[in-house]
1. Based on Cα coordinates alone, diagonalise the gyration tensor for region 10-76, multiply each eigenvalue by 5, take square roots, and list the semi-axes in whole Å, largest first.
2. Would you mind calculating the gained length between residue 26 and residue 54 on full extension (0.36 nm times residue separation, minus the Cα-Cα distance), in nm to one decimal?
3. Given points 7 Å out from each Cα along the Cα-Cβ axis, report the residue 65 to residue 19 separation in nanometres with one decimal.
4. Among all lysine pairs in region 10-76 that are eight or more places apart or on different chains, how many have alpha carbons less than 23 angstrom apart?
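Since every read-out is calculated from the coordinates, none of them should be taken as a lab result. Computed from a prediction, not measured in an experiment: that's the story for all the values here. As a convention, Cβ positions derive from the backbone with ideal geometry for all residues, glycine included, and neighbour counts pool all protein chains shown.
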Amino acid sequence: MRTRLGGAGSEKTVPGVEAMETLILDLRSQLDHTAPIIGAKDNDLEQLDKEKEKLQEAYSRTKQRMRQIGGTLWKEGV
């Protein structure tokens with residue numbers, strides 16, 4: 001059921017209470033369905049961030065070690 005708003009000639013309508021309740025229930029159902037998916041994706045991102053940090057640390061150590069080796073080779077005249 002729709003109810004007219006305003007005076008004569010007004011075209012605005014408001015959905016009925018039942019239609020609004022149905023829409024709210026549908027939206028709640030969608031939210032309930034997506035909440036675990038979002039949680040899982042958040043966990044995935046957190047894990048990827050940890051792996052990225054480990055790779056960055058390994059890269060930094062490798063870069064530092066390469067500089068040390070380069071310095072040693074330079075001192076030895078290689």
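1. Values: eigenvalues 763, 39, 3 Å².
Result for region 10-76: semi-axes of 62, 14, 4 Å.
2. Numbers: separation 28, 0.36 × 28 = 10.08 nm, distance 4.28 nm.
Gain in length upon complete extension: 5.8 nm.
3. 6.9
4. Numbers: 41/50; 41/52; 41/54; 50/63; 52/63; 54/63; 63/75.
Lysine pairs meeting both conditions in region 10-76 amount to 7.
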